[in-house]
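Here's the structure, in C-alpha cells; my notes come after.
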Amino acid sequence: MRMNDKKAKPHDEAFKKLLQTFFAEFIELFFPELSSSLDHRHTRLLMQELLVDVVGEEAKTLDLLLETRYKALDAYILVHMEPQSYHQKDFRERMFIYFSRLFERHRKEHRMIIPIAIFTAGQGPEEPDTFVMAMPDHEIVRFKFLKVELRAMDWRRFIASDNPVAAALLAKMGYNEKEKREMRSAYLRMLLRLRYKLDDVRMALLMSVADLYFEPNQTEDEKLLDEILKDYPEERVKMMELMPAWKRWGYEEGIQEGLEKGKAEGIAEGIAEERASIVRRMIAKGFTPGQVADTLEIPLVEVEKLRKL
C-alpha cells in the first residue's frame, strides 16, 4: 500500500463522483467534438465491472463505465474513464487490457468503446497515450486512448467558463507560483457565477473536489475575499457558505468583523439548516452517509446529526 492511500481514498471517491455527475460537462469541456457526437439523454452509469488485471495479477474494478448513444452510428457505446493520480510505468498496458476485456464482454451490445484517462499528477514525465506491439517489419497492434493531462493545460483558458468541471479542476492545471493568487481569485469568481446555475448538492460536490487541490491560507484568502466583495458586496454571506476551508476556520459560525452578534448567530443557524438540507438531498440522490462525510469533509457523526435536524 502506498503511503498516500489513506489520503487518496476520499479524493478518488469525490473525483469519480464528479465525473459521474458532470459527465456531459466533462466531455464538452475537454472533447467538444466528441460531445457533439453523443446523445447525453441516453447516458447512464453501468455497474462496476471486476476485471482480472493480468499486469498486476489482481482483480481490478473499473473506475467509471458509462453507456451513451453515438449519433452517427445510431447505437449505444461505452465510455471507460480512468482517473490516474500518480505516474505508473505500465499504465498504457493496463488501459489496453481493460479495453480488451470490455471488448470481449460487450462487443455484441455496443458498437464502440471509448477509453479516456484523466491524469491529475502535479509533476513527472509526460504521460504516453499509446500502446504498441510490433515486429521490425510489421505492426501487430496500435492502441491509443484519449487523455486529459491537467498539468499541461493553461488555466487562463478556462476562467471565463461556466462549466463546473473547469472550476473543480482549475487548481490542477498548469500555473506557476506567481500566478497562484490570481488563479485562486479566478476560481472564487467562478463559484459566484456557478451558484446561480447549480443546486446545492452539485455545488457541494464541485467544491469538495476543488478544495482537495488547494492549500488554503486563511490570511491570504481573507484578503481575496475582501477584494472580491468590493465587486460583489451583496454576496458576503453566500461566500461564507461556499468554501469548505472557510467553514473549517469557523466562518459558518458567523464570526465576521462588523457583524452584530445577533446577526452572526442568525447566519450560523441558517447555514446549519442549509447544510442539513444539503446532507438530506445528497442521501436522497444516492450518496451513502460515508460518501457525504468525505465529500463535505465533516465527521460521519455530524452527517447523522444533520439528517435529523
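The values are calculated or read from the model by the stated rules, or taken from the named source; none is laboratory data. Keep in mind that this is a model prediction, so the values were computed, not measured. Please note: Cβ atoms are built from the backbone with ideal geometry, for glycine as well, and neighbour counts cover all protein chains shown.
For segment 134-150, give me the residue count where each residue is surrounded by 12 or more Cβ atoms within 10 Å (Cβ to Cβ) and either of a type in the set (A, V, I, L, M, F, W, C) or over 15 Å from the mean Cα position of the chain (by Cα) (or both).
Number satisfying all stated conditions: 7.
Only one of (1) of a type outside the set (D, E, K, R); (2) at pLDDT 95 or above; (3) surrounded by fewer than 19 Cβ atoms within 10 Å (Cβ to Cβ) fails for S185. Which number is that?
The one condition S185 does not meet is (2).
T61: modelled with pLDDT of 90 or more and under 29 Å from M203 (Cβ atoms), yes or no?
Taking the combined requirement at face value, the residue does not satisfy it.
Pairs, please: C-beta under 6 Å, at least 6 apart or cross-chain, first residue under 30 Å from N176 (Cα atoms) and touching a residue at least 12 places away in the same chain (Cβ under 8 Å) and in segment 130-152, second surrounded by 10 or more Cβ atoms within 10 Å (Cβ to Cβ) and of a type in the set (S, T, Y)?
Once the first residue is under 30 Å from N176 (Cα atoms) and touching a residue at least 12 places away in the same chain (Cβ under 8 Å) and sits in segment 130-152, its partners that are surrounded by 10 or more Cβ atoms within 10 Å (Cβ to Cβ) and of a type in the set (S, T, Y) give L150/T120.
In segment 129-159, which residues are part of a strand (DSSP E or B) and among the charged types (D, E, K, R)?
E139, R142, K144, K147, E149, D154
Has segment 269-276 got any residue that is modelled with pLDDT of 70 or more and either under 20 Å from the mean Cα position of the chain (by Cα) or surrounded by 13 or more Cβ atoms within 10 Å (Cβ to Cβ) (or both)?
yes
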